[in-house]
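The values are calculated or read from the model by the stated rules, or taken from the named source; none is laboratory data. None of these values were measured; they are calculated from a predicted model. Here the Cβ positions follow ideal geometry from the backbone for every residue, glycine too, while neighbour counts run over all protein chains shown. Side chains included, ligands, DNA and RNA excluded: accessible areas come from the protein's heavy atoms. Shrake-Rupley method; radii C 1.70, N 1.55, O 1.52, S 1.80 Å.
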Amino acid sequence: MTPTLSDRIVAGDPRAIARGISLIEDEAPEGAALVRRIFASTGRAYLIGVTGPPGAGKSTLVDRLTAELRTDGRTVGIVAVDPTSPYSGGAILGDRVRMQSHAADPGVFIRSMATRGHLGGLARATSEAALVLDAAGKDVVLIETVGVGQDEVDIVRTADVSIVTVVPGTGDDVQAIKAGIMEIADIFVVNKADREGADRMAAAIEAMLALQHWEPGEWKPPVLQTEATAGKGIRALLEAIEAFRRHQASSGEVRQRDRAEFRLRELLAHRFVQHVEQRVLEPGELGHVLDEIAERVVDPYTAADEILRRTLGAANAGRQPEGPRARLDHVGIAVADPAQALAFYRDALGLDVHASEDVGSQRVRAHFLSAGSAALELLEATAEDSAIAKFVARRGPGLHHITFEVDDIVAALARLKARQVKLIDESPRPGAEACLVAFVHPSSAHGVLVELKQRPASA
Ligand SMILES: Nc1nc2c(ncn2[C@@H]2O[C@H](COP(=O)(O)OP(=O)(O)OP(=O)(O)O)[C@@H](O)[C@H]2O)c(=O)[nH]1
Ligand SMILES: [Mg+2]
């Protein structure tokens, strides 16, 4: 058997890792399926987030950290979130070139992610890319991101350790830190320590930290100085990371749980909005509501409450006429020779028989075979005067009917009747497995006998 993509990722295959991250970046359904499959293999990597203003030397720092980690024999995955690059090419090259010293090292995997084009949020895409690297067995995953937007802050906040990088310069930099990423820093790094003003910058951060109250035993972020281009201060940074990791272990702090919460909330919000847009609002309706808010016809709270009310109403109304979605339940095939039919469908196609049942009223025996989310029903006549026996005698074995499951069969029949659909059964009757069933005439169903089925209400 050829190994699946998830198998290959777990085995550390770089091409599979690249493919997996692309699926996630493309928001492909396969990406979600992949995350489901690899998730149990994750949770071992240590995630290091590196953020800071553009050009602070983050990539250089990540490159140097990687070299040190490799010296220690640890494998490294790198996710560089690049704000300026489109889907491919462009500025991505900048980071690639800087990190190319590791290009030939199989213990290092480098990936750039574009900031644009993530419908469901950059933070989720990045965190899932990190999951892929984690599943692939990388000991450490370094995530580089420019600390500008909320997305970037979220990315770093959910890493196991957050490193905020700054450079000596004007007082503006300190203001910038104050404004956003101060709270998320576990370690401050003043890079470009070879430049004028590094000490002043470090002192300014220390002064800010001194304003806060620190409980005994609480982690107070250290302020380190590095010169990434020359590789200076990198060991000390790694030691600070290790110290933080030990502190986390001893204090029982688990970012894993924070990460889980962030992921779940983010995913729920994303799924919910997607559901609202695709299932609740009419096409173009969202734009209309936005116009109304912009024109002050309605306020956003009222608009949101109204959408929420409709969404929850629609969800609760699954059994009402508004929720008519029928699901294909099974395809019924009339067979003349059940043993041969099973030899084909069960043995040759590999479908499992999950039930066989005699339906006395119909004088048939039905064999149900699992076929994905729907099933096959092989119908064998048990008496010569049964409908199936007559069907086979008249037309030979073949497609007999298809069955759709509905939540409310009475409502479904009423809906069909209102549309002048020709019904064989105007009201439901008992069928197999204690279900209620009703047939629609083939003349209204494009030549196919259609059965509707409502499962018994589960106790
Ligand atoms: N003088 C000096 N220059 C440095 C140092 N570290 C990095 N640089 C230089 O600063 C520039 C930017 O470095 P990068 O590592 O690309 O910075 P970055 O933060 O990753 O940049 P973006 O990803 O574009 O935001 C490069 O020219 C580096 O060579 C340092 O310690 N001292
Ligand atoms: Mg960079």
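What does the extension gain come out to for R346 and A236, with contour length at 0.36 nm per residue minus their alpha carbon separation?
Length gained, R346 through A236: 33.2 nm.
How much area per residue is accessible in segment 354-444 when the probe is 1.4 Å and only protein heavy atoms are counted (Å²)?
On a per-residue basis, 54 Å².
Dipole size in debye (nearest 20) for the chain around its Cα centre, Lys and Arg Cβ +1, Asp and Glu Cβ -1?
About 780 debye.
Could you name the lysines in cross-link range of K232, using Cα to Cα under 26 Å and dropping any fewer than eight places away on the same chain?
Within reach: K58, K138, K192, K220.
Assuming R0 = 41 Å, what is the FRET efficiency of R429 and L267, from their Cβ-Cβ distance, to the nearest 0.05?
Details: r = 43 Å, r/R0 = 1.05.
The computed FRET efficiency comes out at 0.45.
Between E277 and D358, what is the label-point separation in nm under the 7 Å Cα-to-beta-carbon projection?
5.6 nm
What distance in nm separates the simple spin-label points at S41 and E253, each placed 7 Å from Cα in the Cβ direction?
Label-label distance for S41 and E253, simple model: 3.1 nm.
How much length would be gained if the chain were fully extended between L286 and K417, taking 0.36 nm per residue of separation minus their Cα-Cα distance, in nm to one decimal?
Full extension of this stretch gives 43.8 nm more.
What list of ³J(HN,Hα) values in whole Hz, one per residue of segment 150-158 in order, does the Karplus curve 6.51 cos²θ - 1.76 cosθ + 1.60 (θ = phi - 60°) give from phi, with Gly and Pro shown as x?
4, 3, 5, 5, 4, 4, 6, 4, 8
Using mean Cβ contacts within 10 Å as the protection proxy, how do 447-453, 44-50, 388-394 order, highest first?
44-50, 447-453, 388-394
Give, in nm to one decimal, the length gained when the segment between A294 and S443 is fully stretched (0.36 nm per residue of separation minus the Cα-Cα distance).
So the extension gain works out to 48.5 nm.
Which order, highest average first, do 224-230, 159-165, 326-332 follow once you tally other Cβ atoms within 10 Å for each residue and take the mean per peptide?
Working: 224-230: 19.7, 159-165: 25.7, 326-332: 17.0.
With the highest mean Cβ count within 10 Å placed first, the list reads 159-165, 224-230, 326-332.
Once every DSSP H run of n ≥ 4 in the chain is given -39500 (n - 2.57) and the sum is divided by its residues, what mean residue ellipticity at 222 nm do you get, rounded to the nearest 500 deg cm²/dmol?
-12000 deg cm²/dmol
Would you mind telling me the antiparallel percentage of the DSSP bridges in the chain, rounded to 5?
Of all bridge pairs located within the chain, approximately 40 percent are antiparallel.
Ranking request for peptides 124-132, 206-214, 182-190: highest mean number of other beta-carbon atoms within 10 Å first, then the rest in descending order. The partial results should precede the final answer.
Details: 124-132: 25.9, 206-214: 11.0, 182-190: 22.6.
Put in order of decreasing packing, that is 124-132, 182-190, 206-214.
Apply 1/(1 + (r/R0)^6) to the Cβ-Cβ distance of A28 and E196, taking R0 = 60 Å, and write down the FRET efficiency to the nearest 0.05. Walk me through the numbers before you get to the answer.
Numbers: r = 49 Å, r/R0 = 0.82.
In this case the efficiency is close to 0.75.
Lys/Arg Cβ at +1, Asp/Glu Cβ at -1, dipole of the chain taken about the Cα centre: which of V81, I402, H275 is farthest positive-ward?
Of the listed residues, the answer is I402.
List every residue whose amide H lies under 5 Å from the amide H of V364, counting only residues 5 or more places away in sequence or on a different chain, with H placed 1.01 Å from N in the peptide plane.
Sorted by chain and number, the residues that satisfy this are V359, T382.
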